[in-house]
Structures are given as structure tokens and as C-alpha cells.
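The structure appears right after this line, and notes come after that.
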Amino acid sequence: MEDEARMTPEESLSLIRQQEAATIHRLVPNPLFTYTPWGVSWLVGYGLFFLSYGLDGTPILPIPWGWALAVLLALQLLAFGVMFYGMTRSSLRVKGRSARKSAMFGMAWGISYPTAMAAASRFGPLLPPAEIGLFYTCLTLVLVAVLYMAGSAVWGDQRMFFLGAWTAVVVSAGAIAGPGIAWLLFSLLLGGAFITIGVLGRHRP
């Protein structure tokens, strides 16, 4: 009876994999919540910027710049809320050193963004009007790139490093290309990359 009750090696391996998947599902934030919302906000928001500005300052659609900015900010707030929900669901189950790492990483975002905006508010108005929006955008996206690469070093997450490095490359190209092309690059290449990584890396049953 004992021999019949024992699990075969295949059954044991299957059970181990099921338990591992269940642990990851409970303790690791779902990439669908942490990456995809930002990708959608950038795809739509910067896409509206591009349509409002065009390639050379000639609008493709009559979309007021203020409306496009309002949509981008609203989508980013929504993305932050979804990400916070996804991370909170997992972090509440994690204690000790990992919880402290997550808390410090979250504080790094909260400290760096106001600092960057304070510097931008001082130097941004010195730029030509057409360049101010690109300056603010590049500054915030550089923070995203640096913090994502730093986060990958903390948790060993290769996806975070890829997204951080990819963001840095795209921002560099956009800064060189200037307004218009930059909005198109940020919309398609950054928004598309974050959506793709989030969808492909989502937790599966």
C-alpha cells in the first residue's frame, strides 16, 4: 500500500512546479499590473502629443496640447494606482529584508521625482517653448531608466534591466531627434515595449 501511495518522480516534479508557481503568484508582483499600465499611458499619451505636434510642428489632428497633456497625466495617475494595487497585494505577504528593499525602492521614486521637477521648473523656462515639454519628458524618463536598472540589481530581475536600458536608448534617440519624432518614439517604442513585457510576463495559472 505504501508503494502505491508514493508519488512517481514525474508526479513529484509536477507538484514542485505547481507549488513554485503558486508561490510566485502570491509573492511576486504581476508584471501585467506593474508594466502594462505604464505602457498604455505612454502609448496613448505620447501618441496624442505626436498627433498634436506632428513631425515638424504641423499638427496631424487638431488636438490642443493641454488636452493631450491632461490625458497623459490622467493615464499616468491611473497607471500608478494599478501598479500600487498590484505591488501592495504581493508586498503585504512579504516581511523582513525583502519588504525593506521594496519600501526603500518606493521611497527612491517618491524622492527623486519631486527633486527632478524642482530642477526642471528652474531651468525649463529658459528653453524655447517647443523644447520645454521634451525637456520635462526626457528628464522624467531618464529617472525611469535609472531606477529600473537599479531595481534590477536589487531583485535580479532581467526584465527591469532590459526596460531601463531600452528606455535610456529611446530617450537618447528622442532627445537628439527633437519634438515630433521624439513623441512618436516614446509612444511606440516605450509604450509598446512595456505593454509587451507586461503581457508576456503576466502570471499564469
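The numbers here are math on the coordinates, done by the rules we state, and not lab data. All of these numbers come straight from a predicted model, not from anything done at the bench. Counting neighbours? That spans all protein chains shown, and the Cβs are built from the backbone with ideal geometry, glycine included.
Work out from phi, with θ = phi - 60° and the Karplus expression 6.51 cos²θ - 1.76 cosθ + 1.60, the ³J(HN,Hα) of each residue of segment 160-168, listed in order in whole Hz, and give x for Gly and Pro.
With coefficients 6.51, -1.76 and 1.60, one gets 4, 5, 4, 5, x, 5, 5, 4, 4 Hz.
Which length gain, in nm to one decimal place, applies between GLN76 and ILE181 when the Cα-Cα distance is subtracted from 0.36 nm times their residue separation?
On the way: separation 105, 0.36 × 105 = 37.80 nm, distance 2.12 nm.
Going from the current span to full extension adds 35.7 nm.
Quick one: plug the Kirkwood hydrodynamic radius of segment 30-200 (C-alpha pairs) into Stokes-Einstein at 20 °C, 1.002 mPa s, and report D in µm²/s.
For the chosen part, D equals 129 µm²/s.
For a Förster distance of 25 Å, can you work out the FRET efficiency between the beta-carbons of GLN158 and TYR113, rounded to the nearest 0.05?
After rounding, the FRET efficiency stands at 0.50.
Based on the Cβ-Cβ distance from LEU61 to ALA130, what FRET efficiency comes out when R0 is 25 Å, to the nearest 0.05? Numbers along the way, then the final one.
Values: r = 18 Å, r/R0 = 0.72.
FRET efficiency, LEU61 to ALA130: 0.90.
Round to the nearest 0.05 the FRET efficiency obtained for ARG100 and PHE123 when R0 = 35 Å and r is the Cβ-Cβ distance. Spell out each step's value before the answer.
Working: r = 35 Å, r/R0 = 0.99.
Computed FRET efficiency for ARG100 and PHE123 comes out at 0.50.
With θ set to phi - 60° and the Karplus curve 6.51 cos²θ - 1.76 cosθ + 1.60, what are the ³J(HN,Hα) couplings of segment 140-145 in order, to the nearest whole Hz, using x for Gly and Pro?
Values, residue by residue: 5, 6, 5, 4, 4, 4 Hz.
Grab the other residues whose beta carbon is less than 13 angstrom from that of GLY178, score K and R as +1, D and E as -1, and report the net. Mind dumping the intermediate values first?
Values: positive: none; negative: ASP56, GLU131.
Local net charge: -2.
I'd like to compare 148-155, 186-193, 37-44: which one has the highest average count of other Cβ atoms within 10 Å, and what's the full order after that?
Working: 148-155: 16.0, 186-193: 20.1, 37-44: 21.9.
Per-residue mean Cβ counts within 10 Å order the peptides as 37-44, 186-193, 148-155.
Between TYR35, LEU189, LEU127, whose Cα lies farthest towards the positive end of the dipole of segment 30-200 when Lys and Arg beta carbons carry +1 and Asp and Glu beta carbons carry -1, centred on the Cα centre?
TYR35
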